[in-house]
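For reference, the structure is listed below as structure tokens.
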Amino acid sequence: NGNTKWRYLTGGNISASPTIFNGTVYFGSSDNYLYALDAATGSLKWKYQTGAMINQSGPALVNGIVYVGSRDSYLYAIEAATGSLVWKFYGNGISFEESSPTVADGIVYIGAWYNTNNFSEKGCLYAVDAATGKLVWKQLENTGISSSPTVANGNVYITADDLKIHALHAKTGTPVWSKQILPNSASPAVSGNVVFVGGGGTRSFYALNANTGAEIWKFALSDNAITTSSPLVVHLDGKADYSGDSGLSH
């Protein structure tokens with residue numbers, strides 16, 4: 001009926017999507033904390049303090065570990081049950097606040113944004129070992145990424161501030177294709193062999209071949225529409241495919 005069941009007050013804005021698992025809701029806040037609350041009552045189970053705000057980075061949870069990025073240039077891996085730190089990965093001074101991590105086949109993928117103390121320093125796409133926190137590869141260096149990655153078909157798909165969407169080999173980071181669409185921070189979704197993504201700067205919504213980047217179709221939005229949202233693909237059987245910043249993991 002829309003009535004409030006509970007609410008929990010943090011010390012800052014909450015700008016990213018939560019993740020819910022086993023009766024616990026996980027989310028970050030601009031007060032620097034990652035929170036775990038009882039989903040039924042809203043009571044605090046634990047909170048973990050990072051070194052700066054958790055802005056647009058929604059947590060991913062895989063195998064009992066929560067992964068989230070912070071403005072302090074760290075990607076965190078935290079025990080979902082206890083809030084204890086497992087490891088943290090340093091992004092060389094570049095903020096992880098704008099990208100939600102995606103976990104696939106033992107690798108965490110996340111985009112690094114900018115150095116918030118020096119915006120001439122731009123970030124890149126990182127692939128980090130989910131168990132150890134060690135770097136697997138990095139690509140799109142000095143690009144700046146304010147969207148979230150999606151993994152499918154052996155590739156990782158990401159939009160970046162170079163005005164393009166990129167497909168890279170998920171295991172190696174080798175570039176597969178790229179296409180200029182002026183994405184304006186929109187994250188892609190993949191269903192079958194099709195990548196769906198918004199082009200805010202072109203005021204178009206795109207369907208691209210996932211293997212080649214070739215345009216299958218595009219839908220023109222109104223002159224006043226600038227999309228930065230991430231698509232959701234729902235099939236006729238009611239099952240859904242999600243984009244990388246949906247709060248779910250692949």
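The values are calculated or read from the model by the stated rules, or taken from the named source; none is laboratory data. As the structure is a prediction and not an experimental result, all values here were calculated from the model. Here the Cβ positions follow ideal geometry from the backbone for every residue, glycine too, while neighbour counts run over all protein chains shown. Quick note on the areas: whole protein, heavy atoms, side chains included, nothing else; ligands and nucleic acids left out. Shrake-Rupley method; radii C 1.70, N 1.55, O 1.52, S 1.80 Å.
A few remarks follow.
- Farthest positive-ward along region 1-102 dipole, Cα basis, beta-carbon charges - from A36, F96, G58: A36
- Note on T172/T132: beta-carbon distance plugged into 1/(1 + (r/R0)^6) with R0 of 22 Å gives a FRET efficiency of 0.75.
- Taking only alpha carbon atoms, region 1-62 gives an Rg to Rh ratio of 0.96, where Rh is the Kirkwood radius.
- Average accessible surface area per residue within region 91-146, 1.4 Å rolling probe, Å²: 37 Å²
- Equivalent ellipsoid dimensions for the chain as semi-axes, Å, which come from the Cα gyration tensor, largest first: 28, 21, 18
- Here is the size of region 34-145 from its Cα atoms: Rg then Dmax, 13.7, 44 Å.
- FRET E, pair E141, L221, Förster distance 45 Å, beta-carbon r, rounded to 0.05: 0.90
- Taking the charge dipole of the chain about its Cα centre, with +1 at Lys and Arg Cβ atoms and -1 at Asp and Glu Cβ atoms, the residue from S70, Y48, Y206 reaching farthest to the positive side is Y48.
- Distance from region 172-199 to region 64-139 (C-alpha centre basis), Å: 20 Å
- Dividing the convex hull volume of the alpha-carbon atoms in region 136-188 by its residue count gives 70 Å³ per residue.
- Taken along the Cα-to-beta-carbon direction at a fixed 7 Å, the label points for W6 and N118 span 4.5 nm.
- Charge dipole (debye, nearest 20) of the chain; +1 at Cβ of Lys and Arg, -1 at Cβ of Asp and Glu: 160 debye
- Under 5 Å, built H, 5+ apart or other chain: amide partners of V86: A77, I78, E79
- About the centre of its Cα atoms, region 37-131 shows a dipole size close to 160 debye [charges on the beta carbon of Lys, Arg (+1) and Asp, Glu (-1) only; nearest 20 debye].
- Non-local Lys pairs in the chain, i.e. 8 or more apart or on different chains, that have alpha carbons under 25 Å apart: 23
- Backbone amide hydrogens, once placed in the peptide plane, bring S187 within less than 5 Å of S148, S230, excluding anything fewer than 5 places away on its chain.
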